[in-house]
Amino acid sequence: MSDPDSWWHLKTGEYIVTHHRLPVPDPFAYTTAAAKPGYAGEEKTRDFNLTQEWLAQVIWYLVYCLGGFAAVVLWKALLLAAACGLSWWVAARRTGIFFWGLAATLLAAWMAVNFTADRPALLTFFFVPLFLAIFEERRRLWLLPALALIWANCHGGFFLSWIICGAYAADALVRRTSDAKRVFVVSAATVLASGLNPNGFAIIPTLLRYRQGALTSSLVEWSHPYLWGPPYAYDILLYAAALILVISWRRVRPVDWLLFVTFAAASLTAFRNEILIGLLAPILIASYFPLKLRIPGTLPYAAAALLFAVTVWGSARGSFFQLRAATWRYPAGAVSFLQEHNITAPLFNTYEYGGYLIWRGERVFIDGRALSETVYQDYRNIMGSPANSPLRTVTLARYQIGAIVMNSFEYTSGTLYPLAVALAQPSMDEWKLVYEDPQAMIFLRDAPAGMTVLPKYQITDHLESECRMHVEKDPEFSLCARTLGYLFLRNGARDRARQEFGLYLQHPYGDDPEARRAYVQLLTQ
């Protein structure tokens, strides 16, 4: 369990269970209530974000209560495996061939492995193929309204149930199936049942408002997918399914055209929706593959042996069955320091640490719930302003911030946060470094009497230790070492620059001749 949003989902579930009410107004961030709306309708979006996933959050918290972080990880694995297994069931039912189903589930897993964050969206990943399976099987249509009611109180993706119902209803009408009336009635009841949630049918205007603000549009999960770069699971499945549907167009059912077009359109709007193609495309590929394949009699044994070998390999490497939380990513020691020293001053924190701080009972400046454009802009002013910017000073003063808990890098891009550089400057001497470990630093405006104040040069030492820890734990995110290499090179710290370039080039982010040349020059000069 490593996603930064997992923590506030668990804490929200705990809040609902213990207080017997939804978390409105926001009980976790001290900035939310006083924030001015950043755009028309933001208050409605905020209430939606606070309440839309209440049932899923309760379920996640109860799972945690039953078995801790191990149970949370197993719950995630169960949902993803079930989603991929339902793709197998639909493909095998349509083709009548077990191994087309197996191929479909492995293709779905190829995509699903990229969507393992412990979030309520996992329930949408499960409900989408479940609805497809029930419509394909037809005998349990009566389950759909009840399932829609549960789905609508777990995640905003429940509007996909409307698309699935509409596609199958249109298919029944076009093909004049004998159960067309029943499909229409059940579909209508399903849509109506989904409106029984704290926000009714407000999901569509909320999605439209998401695009109005800089906060949501700046998140990676809301960015458009890559279509022309190196091929990966999403674009391969998208193009393969489209090609097969075109080649086999005479045989393609209307429901499959409708689902593919709508799911493809949704996936093209945001990276977070790519999983829809991952669940649907394998079914379509199996259903309409233009060539008849002969299945060797040894294939069942070969497939079983391969799966067994992969399981043993992954278990031996330690990459499978990690039934724990990746607390090394988060400021566990820093929070303990705050609580042991009873530091209650208004806190400023980095975005990715907000969820964990909420979990540990701290009131935060910002977190992953995306509640306020105004607060996000102020966050950017504090984090990204130049070293001596009065804008940062004014913004910190306006919120009466007395403590800062932060990490130093955005690890996907390797960007060094300007705030870390600013706090190392003599002009920021009102902020005292009182705690640091590889996960976090704590700065206080007014350190209590008797508390040890650490020298500012330890900020530089911290940058190195934090980056090294992350590269050792997640070698694919090594760009922080490249950033530090160039920083030290500009400052004349050649030995440190050489160490950082060496670390980066052990795990390069693709071919990087520029960094390699800089490293060679440092070795030879």
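Values as computed for the structure displayed
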item: Where residue 452 falls short, out of the listed (1) among the polar types (S, T, N, Q); (2) within 28 Å of residue 344 (Cβ to Cβ); (3) in a helix (DSSP H, G or I); result: (3)
item: Pick from the range 491-525, criterion more than 26 Å from residue 425 (Cα to Cα) and not in a helix (DSSP H, G or I), ranking: most open to solvent (accessible area, probe 1.4 Å); result: 525
item: Filter result (assigned to a helix (DSSP H, G or I) and open to solvent by 70 Å² or more (accessible area, probe 1.4 Å)) within the range 289-333; result: 301, 306, 307, 308, 312, 313, 316, 317
item: Filter result for residue 284 (without any contact (Cβ under 8 Å) to a residue 60 or more places away in the chain, assigned to a helix (DSSP H, G or I) and in contact with a helix residue (DSSP H, G or I) (Cβ under 8 Å, 6 or more places away or on another chain)); result: yes
item: When residues of the range 358-372 are limited to those that are β-branched (Val, Ile, Thr) and outside any helix (DSSP H, G or I), the one farthest from residue 210 (Cα to Cα); result: 364
item: Single match in 196, 192 (criterion: over 22 Å from the mean Cα position of the chain (by Cα), over 26 Å from residue 270 (Cβ atoms), at pLDDT 95 or above and part of a loop (DSSP other than H, G, I, E, B)); result: 196
item: Any hit, the range 59-70, residues being in contact with a helix residue (DSSP H, G or I) (Cβ under 9 Å, 6 or more places away or on another chain), within 30 Å of residue 379 (Cα to Cα) and open to solvent by less than 20 Å² (accessible area, probe 1.4 Å); result: yes
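To keep it simple, each residue is scored yes or no on (1) open to solvent by 30 Å² or more (accessible area, probe 1.4 Å); (2) under 26 Å from residue 452 (Cα atoms); (3) in contact with a Phe, Trp or Tyr (Cβ under 7 Å, 6 or more places away or on another chain); (4) not in a helix (DSSP H, G or I).
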{"site": "336", "(1), (2), (3), (4)": "yes, yes, no, no"}
{"site": "344", "(1), (2), (3), (4)": "yes, yes, no, yes"}
{"site": "352", "(1), (2), (3), (4)": "yes, no, no, no"}
{"site": "356", "(1), (2), (3), (4)": "no, yes, yes, no"}
{"site": "374", "(1), (2), (3), (4)": "yes, no, no, no"}
{"site": "380", "(1), (2), (3), (4)": "yes, no, no, no"}
{"site": "397", "(1), (2), (3), (4)": "yes, yes, no, no"}
{"site": "401", "(1), (2), (3), (4)": "no, yes, yes, yes"}
{"site": "430", "(1), (2), (3), (4)": "yes, yes, no, yes"}
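The values are calculated or read from the model by the stated rules, or taken from the named source; none is laboratory data. Please read all numbers here as calculations on a predicted model, not as lab measurements. No Cβ is skipped: glycine too gets one built from the backbone with ideal geometry, and neighbour counts run over all protein chains shown. All accessible areas refer to the heavy atoms of the entire protein, side chains included, with ligands and DNA or RNA removed. Shrake-Rupley method; radii C 1.70, N 1.55, O 1.52, S 1.80 Å.
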